[in-house]
Amino acid sequence: MADRVTVIGWDGSPLGDAARSALAGATLVAGAAHHLALAGVPADAERVRLGSIGLAARRIAGHRGSAVVLADGDPGFFGVVRTLRAPEHGLEVEVVPAVSAVASAFARAGMAWDDAQVVVAHRRTLRRVVNVCRAHTKVAVLTSPGAGPAELALLLDGVHRTFVICQELGTEREKVTVLTSDKVADHVWRDPNVVIVVGGVGTVVSPAGGWIAGRDPGYPPAARGWALPTEEYGIALDEGESTWLRAAQLARIGARTGDLIWDIGSGSGALAAEAARFGAAVIAVDEEPGACASTAAAARRAGVQLQVVQGRAPHVLERLPEPDVVRIGGGGIDVVIACADRRPERIVTHAATRDEAEAVGRALAEGGYDVECALLQSVALDTGAWSERERSVVFLVSGRRPESGP
C-alpha cells in the first residue's frame, strides 16, 4: 500500500507550499495529461494517466512510496476523493483543494451560486440533468464528452434558457461565452467546460441571506403541504381535481428531482404546479387555451417552472420528450394507450365509473403494466354545523411498469 496519498486540486494558479512539497516527494503521480505535464512533477516518478479512477486506485494501493493524484478544482466536489476513499482500496487520503470549477464559473459570470442546483452530466444521466434545467432557474452543469452544452441545448427544445459556457477554466485558453439556448448547438465547444443554465418564465429571485444551498423548499412562500385546498387556487376545480384525489395521485406519481412528468388534461394546473413543487420537470398539456392560461398562472403562484403545451392528445404527445411519469386528467382510452406505448415508469389517472376504470385497467395491463385501482370517497364537512358540504366518489387507477421497481 502507498505510504502516503495526497490529492491535489489544481485550478490553473500556482500550487501552494503544501501541494508543492507533496508533489516534490512523490514516487507516483496520477492525473490527466495536462496535470502530468506540470513543471513540478518529478522526472523519476511513475506516471499514471487517469482514465478509470477505480483502476488507478488499485494501482496506487499496490504502490510502495508516496503517491500524488492531481485533479481539477476541488477534488472532493464531484471528484476523485470519493473513489479513492472507498473501503476496498484501504487508502488514507490527504486532500489539498483548489477552487472548484463550479465556483470559478460563477465567479467569471459574477453571479452568486448558493441558490443554484449543481449536477453532473454523463451520457447516462443527461436526460435527468436536462429535466433539472427545465425545473430550476439556476443550474450549474459539470459536463463530459457527449453530454456537453450542445447536447443540453438540443434536449431543452422548446424551453428558453440562457447558457453561460466556461471553457478550459484556469488555462491560457479559458473562454466564457453567453448565448441563448437556441444558439448553443450551432457551435463546437472545447472540453472541459462548465455550463451555467439560467432563466425561466416568472423567475423568482431568492432573498438575500438564504439558509440552505440549492433549492430552498420554503421559498417562495406557499401554503404548507401539498394537495392544497381548492380555495388556494382562486378558481373552481372540477371533480377530477378534488383535493383528496390530487393527494392520492401525487402519492402515486412520486415526483422527484430529475423526473419529467406529463400532465395531460391539466385543467386548472393545480396538480402540475404541485408536482413541480417537488422539484420535478413538468410538461402540462391541454387543448383549451383557458386551461393553458390557468396552468401558467398556477405555476407563477407556486413559484415553479413548467412548460405548457396547447394541443389535443394523443397527437400532440408525439413531439414531447420521454416522460418518467404520466398523469392523465382526460382524453380517453386512446390517450392511455398512447402513453403506455412511451413506456413511462408510472401512469396515473382516474375514472368516474367502474366500467371506465375497468377499461383503463385493461388498456394498461395490455400495455405491460401492473395495475392498481382504488375507489376513493371523500366527504367535506362544514365544521361549524358538522354537516356535509361536498362529496366526491372516484376511481383512482395507476399502472406501474414491472421493471421500474416499487
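The values are calculated or read from the model by the stated rules, or taken from the named source; none is laboratory data. Quick caveat, the model's predicted, so the values are computed rather than measured. Here the Cβ positions follow ideal geometry from the backbone for every residue, glycine too, while neighbour counts run over all protein chains shown. Each accessible area value is taken on the protein alone, full model and side chains, heavy atoms only, with ligands, DNA and RNA left out. Shrake-Rupley method; radii C 1.70, N 1.55, O 1.52, S 1.80 Å.
Side notes on the structure shown:
- Dividing the helix sum by the residues of the chain, where each DSSP H run of 4 or more adds -39500 (n - 2.57), gives a mean residue ellipticity at 222 nm of -7500 deg cm²/dmol.
- Neighbour cut-off at most 14 other Cβ (10 Å), DSSP loop, trypsin sites (Lys or Arg not before Pro), segment 275-322: ARG312
- For segment 237-283: relative contact order, % (alpha-carbon pairs under 8 angstrom, 6 or more apart): 42 percent
- Axis angle, to the nearest 10 degrees, between helix 289-302 and the longest C-alpha principal axis of the chain: 50 degrees.
- For segment 263-303, the solvent-accessible area with a 1.4 angstrom probe is 26 square angstrom per residue.
- Coupling constants for segment 328-335 follow from the phi torsions by the Karplus curve (6.51 cos²θ - 1.76 cosθ + 1.60, θ = phi - 60°), and in residue order they are 10, x, x, x, x, 4, 4, 5 Hz; glycine and proline get x.
- For segment 302-359, the relative contact order comes to 32 percent (Cα pairs under 8 Å, sequence separation of at least 6).
- Principal semi-axes in Å for the chain [√(5λ), Cα gyration tensor, largest first]: 49, 23, 20
- Annotation: Cα Rg of segment 321-399 relative to the compact-globule expectation 2.2 N^0.38 Å equals 1.32.
- Using θ = phi - 60° and Karplus 6.51 cos²θ - 1.76 cosθ + 1.60, couplings along segment 7-14 (whole Hz; Gly, Pro as x): 9, 10, x, 10, 10, x, 8, x
- Kirkwood Rh in Å, taken over segment 235-294 so that all alpha-carbon pairs contribute: 11.6 Å
- Shape class for segment 27-167, computed from the alpha carbon gyration tensor (a ≥ b ≥ c): prolate, with a/c not under 1.5 and a/b above b/c.
- Rolling a 1.4 angstrom probe over segment 357-405 with all protein chains present gives an accessible area of which 48% lies on carbon and sulfur atoms.
- Accessible surface area normalised per residue over segment 32-125 is 55 Å², counting heavy atoms of protein chains with a 1.4 Å rolling probe.
- Antiparallel DSSP beta bridges within the chain, percent to nearest 5: 50 percent
- The portion of the accessible surface of segment 222-298 made up by carbon and sulfur, rounded to a whole percent, is 54 (1.4 Å probe; DNA, RNA and ligands excluded).
- Along the chain, longest interval not containing exposed GluC sites (Glu not before Pro), exposed being DSSP loop plus at most 10 other Cβ atoms within 10 Å: 173-406
- With at most 11 neighbouring Cβ atoms within 10 Å, loop chymotrypsin sites (Phe, Trp or Tyr not before Pro) (DSSP) excluded, longest segment of the chain: 1-210
- Across the accessible surface of segment 147-201, with the other protein chains kept in place and a 1.4 Å probe, carbon and sulfur atoms take up 53 percent.
- Neighbourhood charge, 14 Å Cβ-Cβ cut-off, centred on VAL99 and excluding it, Lys, Arg +1 and Asp, Glu -1: -3
- The HN-Hα couplings worked out from phi for segment 128-136 by the Karplus form 6.51 cos²θ - 1.76 cosθ + 1.60 (θ = phi - 60°) are 5, 4, 4, 5, 5, 5, 5, 8, 10 Hz, whole numbers, x standing for Gly and Pro.
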